[in-house]
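Enquirer: Submitted below is the structure of interest, expressed as structure tokens.
Bear in mind that the values in this text are calculations on the coordinates, not laboratory data. Please read all numbers here as calculations on a predicted model, not as lab measurements. Here the Cβ positions follow ideal geometry from the backbone for every residue, glycine too, while neighbour counts run over all protein chains shown.
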Amino acid sequence: MSSKLIAPSMLAADFGNLQRDVEMVNNSDADWFHIDVMDGQFVPNISYGMPVISAIKKHATKPLDVHLMIEKPERFIEEFAKVGADIITVHYESTVHLHRTLRQIKDAGCKAGVVLNITTPLVVLEDILPECYMVLLMSINPGFGGQKFEEVTYKRIKNLRQMITEQDLDTRIEIDGGVTDQNIQQLVAAGADAFVAGSHVFKSDNPIDTIKTLKILANS
Ligand code: DX5
Ligand code: ZN
């Protein structure tokens, strides 16, 4: 089994010290930068867009995992690729043209993934799974960091893992929301591969150590 991945969410970084926080992630055991884009329509919050992603990319030495929480993401795929996205995930709930949007992401030179909200049945992935480098399962309601992890996620990971195995694919499962050192091992046991952690990392006294602990727990 390949190594489990840690993706600190820059939503919880200190934007006044963005370069410092990017370098902290560069120097840590983290694997990806998780970048949350919110438009105030798909989710009830606005985060940041292309200029901030460019600023992060300028200093980042690890891939950018860009999570689009925006209506009709197909309008902006090429722009996100241009500012440095390596992986782009789009919500199933945000576009009526999911298949076309995934192709668009790949044509722009990025890896493509689908995100599901907690109540969206996994069965909608059945025919699109072969197109997915990754599936991101939300373990909170998208829009804000610092929320409590929803326990239903464990069952969803197990069922999705089974679906991936049945189709003989190597699609990664990423979990986003409320991930901590208290639940990461149970998430691995359920079948997840990559873990977003925002407040747990950035609100800790020593983010480098916190990332190291998450990485060790996920891989032991
Ligand atoms: C919320 C975002 C998450 C958020 C996670 O919609 O998708 O990536 O930053 O934050 P924590 O880890 O604090 O739950
Ligand atoms: Zn996210």
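Enquirer: So, of the residues in the range 1-38 that are among the acidic types (Asp, Glu), more than 12 Å from ligand 1 (Cβ to nearest atom) and crowded, with 18+ Cβ neighbours inside 10 Å, which turns out to be farthest from the chain's Cα centre (by Cα)?
Expert: Among residues in the range 1-38 that are among the acidic types (Asp, Glu), more than 12 Å from ligand 1 (Cβ to nearest atom) and crowded, with 18+ Cβ neighbours inside 10 Å, the one farthest from the chain's Cα centre (by Cα) is ASP21.
Enquirer: Does GLY143 satisfy the condition of being under 19 Å from VAL115 (Cβ atoms) and either surrounded by 22 or more Cβ atoms within 10 Å (Cβ to Cβ) or within 16 Å of ligand 2 (Cβ to nearest atom) (or both)?
Expert: yes
Enquirer: Just one of (1) within 15 Å of ligand 1 (Cβ to nearest atom); (2) in a helix (DSSP H, G or I); (3) basic (Lys, Arg) trips up LYS148, so point out which.
Expert: Just one mismatch for LYS148, condition (2).
Enquirer: Considering only the range 53-73, state which residues are of a type in the set (Val, Ile, Thr) and away from ligand 1 (no atom under 13 Å from the Cβ).
Expert: Those that are of a type in the set (Val, Ile, Thr) and away from ligand 1 (no atom under 13 Å from the Cβ): ILE53, ILE56, THR61.
Enquirer: So, in the range 88-126, exactly how many residues are surrounded by fewer than 19 Cβ atoms within 10 Å (Cβ to Cβ), touching a Phe, Trp or Tyr at 6+ places or on another chain (Cβ under 7 Å) and polar (S, T, N, Q)?
Expert: Looking only at that region, the number is 1.
Enquirer: Being in contact with a helix residue (DSSP H, G or I) (Cβ under 9 Å, 6 or more places away or on another chain), within 9 Å of ligand 1 (Cβ to nearest atom) and not polar (S, T, N, Q) is the requirement here; does MET138 meet it?
Expert: For MET138, the condition - in contact with a helix residue (DSSP H, G or I) (Cβ under 9 Å, 6 or more places away or on another chain), within 9 Å of ligand 1 (Cβ to nearest atom) and not polar (S, T, N, Q) - is met.
Enquirer: Moving to a separate point now. Which helices (runs of 4 or more DSSP H) does the range 19-128 wholly contain that include 3 or more residues that are basic (Lys, Arg)?
Expert: 98-107
Enquirer: Restricting attention to the range 156-182, and to residues there that are over 17 Å from the mean Cα position of the chain (by Cα) and within 16 Å of ligand 1 (Cβ to nearest atom), which single residue is farthest from ASP21 (Cα to Cα)?
Expert: Across the range 156-182, the extreme among qualifying residues is GLN182.
Enquirer: All but one of (1) within 12 Å of ligand 2 (Cβ to nearest atom); (2) more than 16 Å from the chain's Cα centre (by Cα) hold for VAL152, so report the exception by its number.
Expert: Going through the list (1) within 12 Å of ligand 2 (Cβ to nearest atom); (2) more than 16 Å from the chain's Cα centre (by Cα), VAL152 breaks only (1).
Enquirer: Name the single residue that is farthest from ligand 2 (Cβ to nearest atom) among those in the range 183-220 being acidic (Asp, Glu) and either farther than 23 Å from GLU23 by Cα or in a loop (DSSP other than H, G, I, E, B) (or both).
Expert: Filtering the range 183-220 for residues that are acidic (Asp, Glu) and either farther than 23 Å from GLU23 by Cα or in a loop (DSSP other than H, G, I, E, B) (or both), the one farthest from ligand 2 (Cβ to nearest atom) comes out as ASP205.
Enquirer: Follow-up question, since we're still on this one. Have a look at SER47, SER28, SER3, SER9 and point out the one that is among the polar types (S, T, N, Q), touching a residue at least 60 places away in the same chain (Cβ under 8 Å) and within 21 Å of ALA81 (Cα to Cα).
Expert: Checking each option against the conditions leaves just SER9.
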